[in-house]
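One structure is given below, encoded as structure tokens.
Read-outs: derived from the displayed coordinates by stated rules, not from any lab. Please read these numbers as outputs of a predicted model, since none were measured by experiment. In this analysis, Cβ positions are derived from the backbone assuming ideal geometry, glycine residues included, and neighbour counts consider all displayed protein chains.
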Amino acid sequence: MPKYGIKRPKVSKDKKALLSNFFSLSILQGMNMLLPLVTLPYLVRVLGVEIFGLVNFALSIIMYFNIIVSFGFELSATREVSIHREDPKKISEIFSSVMFIKLCLLFLSFLTLSFLILTIDTLQSNALLYYATFGVVIGNYIFPTWLFQGMEKMKYITYVNVFSKIFFTILIFAVIKNPSDYIYVPVLNALGIIIGASYAFWLSFKLFSLRLVIPKTSTISYELKDSFQFFLSRVANNGSRYFATTIIGLYFGNLIVGYYTMVEKLFYAFMSLGSVVSQTIYPYMSRTRNITFLKKVLVTITGISLILIIPLLYFNQELLQIVFDEYNEMLSLFFVIVFSGAIFAVISTILGYPLLAAYGHIKYANNSLIYASIIYMLYTVIAVFVTKDIYIVVFAIPVYMVTGLGFRIYYVFKTKLMN
């Protein structure tokens, strides 16, 4: 027996990595939550709700291209890197193949955007806004977040992200002074991402002994096939998010889409709680498949979410007044409707990639979102063109969250994972 009593067990390497990644992602997502709460009220007041809606409508269009360029690699490549992280040669091969595929998709996306701008009058009248917003896609192409996540070294890109976001948030206050300055919103956002991404790209070579290689046709083919299911899932999940914004903007106008995006941004800031946990434990679960650990995480995150969501719903009017310095009945009802789906979304996130996908049931994890997305889009189209009621349209978000969770619960029971 040790001289000073019982020796305490050392914290395992896995637990240290999990804690480090959790805190890094928490800081990063915390900044993603905090900074919009700082800039949103300012932009709404300076630009006005209608121009604010226009800027976010443009973003919703451009984010479809971002989903295409990402092609689900933030999940498939993360898993591949996590499995082979002790093999620098294999990591270089994965990195080179993924970046080559994404470059081709980036080029095709830019050509498609240019074609749409030339042929659609609504886009052509704000061509500069759409091209400026496309800079976000370029930055996300350069930024190899999936590599750092797979290597479980999130702390490095956290530093990069936090610095660039803070710096360019300050510039928003310094540059944007009146409604005519709206074009600088996407420009500053894109510059922040591109500069941070360029540093992270350089850092990845320094930290992980990477080298660019000419990707083999067989490797490119494998990466495309392996990531296709993840891509469909991202189209269903993220694409559906921008689908509502696009439809509302086209049918109800920029003012209504302005109110909607004000609430939506708060909602997805809250949803980052589940996203942090999911991204943190996904590489770990892919390697260990520790179901006991996941059950504890699920219970904990559900409890925390409930504790947070109840007062948010009850005091929504006060919150909206504080954040946006603006309150009306439409904004309040939007908030209550959208946030009513939050708890379902958090649980669904944990049951998806940290559980179903980590146990090899990638098809089930993806299909649950694809099926929910189909129901969601059908609901949205019917709500817009049949009821023509904006409040019924906004209910599309809770409908999507509940149906997505329902499908994932069904698949969890089908595979008997919780047993």
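Here the chain is assigned +1 on the Cβ of each Lys and Arg and -1 on the Cβ of each Asp and Glu. Its dipole about the Cα centre then comes out at about 2240 debye.
Step through the table entries 102/206; 165/265; 363/414, compare each Cα-Cα distance with 20 Å, and write down the pairs that go over it. Pairs exceeding 20 Å: 102/206. For the chain, the longest piece that avoids every one of the GluC sites (Glu not before Pro) found in DSSP loops with at most 15 other C-beta atoms within 10 Å covers 87-325.
Relative to the compact-globule scaling 2.2 N^0.38 Å, provide the ratio for the alpha-carbon radius of gyration of region 23-415. Normalised by 2.2 N^0.38 Å, the Cα Rg of region 23-415 equals 0.96.
Listed by Cβ neighbour count within 10 Å, with the fewest neighbours leading, 364, 131 appear as 131, 364.
Here the label points at residue 125 and residue 183, each 7 Å from Cα along the C-beta direction, are separated by 1.7 nm in the simple model. Computed from label points 7 Å out along Cα-Cβ, the spacing between residue 292 and residue 217 is 5.0 nm. Roughly how far apart, in whole Å, are the Cα centres of region 366-419 and region 274-288? About 24 Å separates the Cα centre of region 366-419 from the one of region 274-288. Taking Cα atoms only, the orientation of helix 342-351 departs from the longest principal axis of the chain by about 30 degrees.
A Gaussian network model of the chain, with springs between Cα atoms under 10 Å, assigns the largest mean-square fluctuation among 76, 209, 373 to 209.
For region 110-179, trypsin sites (Lys or Arg not before Pro) are listed when DSSP marks them as loop and at most 15 other Cβ atoms sit within 10 Å of their Cβ; the list is 177. Each residue, residue 83 and residue 309, gets one label point 7 Å from its Cα in the Cβ direction; the gap between the two is 3.4 nm. Subtracting the Cα-Cα distance of residue 114 and residue 228 from 0.36 nm times their residue separation leaves 38.5 nm of extension gain. Taking the C-alpha atoms only, the angle from helix 49-70 to the longest principal axis of the chain is near 40 degrees. Backbone phi angles across region 365-380, fed through the Karplus curve with coefficients 6.51, -1.76 and 1.60 (θ = phi - 60°), yield HN-Hα couplings of 4, 6, 4, 4, 6, 5, 5, 5, 5, 4, 4, 4, 5, 4, 4, 4 Hz in residue order; Gly and Pro are listed as x. Once the Cα atoms are used to define both axes, helix 254-288 deviates from the longest principal axis of the chain by about 10 degrees. Taking trypsin sites (Lys or Arg not before Pro) across region 317-419, the ones in a DSSP loop with at most 12 further Cβ atoms lying within 10 angstrom of their Cβ are 388, 416.
Across the chain, Cα pairs under 8 Å and at least six residues apart give a relative contact order of 23 percent.
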